[in-house]
Amino acid sequence: MDEVVAGDRVVWEQASAKHVREYDELLEAARGDGLLLERELGLLGAVLAQQPVVVHLQSGHGLDDIGLVKAGAQRVIGIDYSSVAAGAAQRRARELGVACHYLVAEVPGVPVKDACADLVYTGKGALIWMRDLDAWARDIARVLRPGGHLFMYEAHPAVPLWTWDEDEPRIRPDRSYFAESHVNDTFPGNGAREWQWNLGQIVTAITAAGLHLETLEEYAEPFWRPQDDTNAAAWSGRLPNSYALLARR
């Protein structure tokens, strides 16, 4: 593990401590509905109706996994390189009696058998940690059974360009859409090096790994907002802030 990966892991372990501090609130949220976004349920409805076995890459607090099970998944295997996040997610799943199991591991290099999943679910801040997109896509193809699906709901690759100004949308002069990476200067990844992949690179990596793109949608709304009432002008509906992708093995 090189210095960048080690440094990013430290940052993410620190950020994941939030899942422990807010354990009770997250547990209460997990008991309710609305854990998946309406757009996710719309795009995944037919897949979840088949009661798929799901592998969730970079599973974070695990509420999405509980949402997947409630929406029809047979079981979910969550993978996260934060032992803090995986531990808190496993405790919640155990308390609720939900069929979710968690492994602490890096992605790619997921420690599960070949062709073990009907659905690989990922996103919501996951892709920025991937330094080798081709290896990531190949690992997904390896894990999926023939006919299985990859689903991503992610921040749009243009998001690192937008400022947090509330009066009008602006582009940061210190960043480029085509840059390889940037250093995050906001919570939760403050201080971490995030890797940038544009939509062309993402689609090319997935199709080169043998998956067939079925849906690619872009949205003006972000998938995540800070809890301090920030209302950036970049979220006004004029700029892309998130996207969803569905591909088939």
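Only one of the listed residues (107, 112) is under 26 Å from residue 194 (Cα atoms) and at pLDDT 95 or above. That residue is 112. Applying the criterion of being of a type in the set (Val, Ile, Thr) and under 23 Å from residue 147 (Cα atoms) to the residues of the range 24-75, the residue that is nearest to the chain's Cα centre (by Cα) is 55. Among all residues of the range 212-220, there is none that is assigned to a strand (DSSP E or B), of a type in the set (Phe, Trp, Tyr) and surrounded by 18 or more Cβ atoms within 10 Å (Cβ to Cβ). The sole residue among 112, 107 that is more than 24 Å from residue 222 (Cβ to Cβ) and in contact (Cβ under 8 Å) with a residue 24 or more places away in the chain is 112. For the range 157-183, a residue qualifies if it is in contact with a Lys or Arg (Cβ under 8 Å, 6 or more places away or on another chain), in contact (Cβ under 8 Å) with a residue 40 or more places away in the chain and outside any strand (DSSP E or B), and the qualifying residues are 163, 169. Reported count of residues in the range 93-106, each being under 22 Å from residue 206 (Cβ atoms) and either open to solvent by 30 Å² or more (accessible area, probe 1.4 Å) or touching an Asp or Glu at 6+ places or on another chain (Cβ under 7 Å) (or both), is 1. Screening the range 221-241 for residues that are open to solvent by less than 40 Å² (accessible area, probe 1.4 Å) and under 16 Å from the mean Cα position of the chain (by Cα) and picking the one that is modelled with the lowest pLDDT gives 222. None of 192, 179, 244 is aliphatic (A, V, I, L, M), surrounded by 18 or more Cβ atoms within 10 Å (Cβ to Cβ) and modelled with pLDDT of 95 or more except 244. Of the residues making up the range 130-152, at least one is open to solvent by 60 Å² or more (accessible area, probe 1.4 Å), touching a strand residue (DSSP E or B) at 6+ places or on another chain (Cβ under 7 Å) and within 24 Å of residue 77 (Cα to Cα). May I ask you to verify whether residue 85 is among the hydrophobic types (A, V, I, L, M, F, W, C), modelled with pLDDT of 95 or more and open to solvent by less than 50 Å² (accessible area, probe 1.4 Å)? Answer is no for this residue.
The values are calculated or read from the model by the stated rules, or taken from the named source; none is laboratory data. Since the structure is predicted, the reported quantities are computational estimates derived from the model, not experimental observations. Cβ: placed from backbone, ideal geometry, glycine included. Neighbour counts: every protein chain shown. Note: accessible area is taken over every heavy atom of the protein model, side chains too, but ligands, DNA and RNA are not part of it. Shrake-Rupley method; radii C 1.70, N 1.55, O 1.52, S 1.80 Å.
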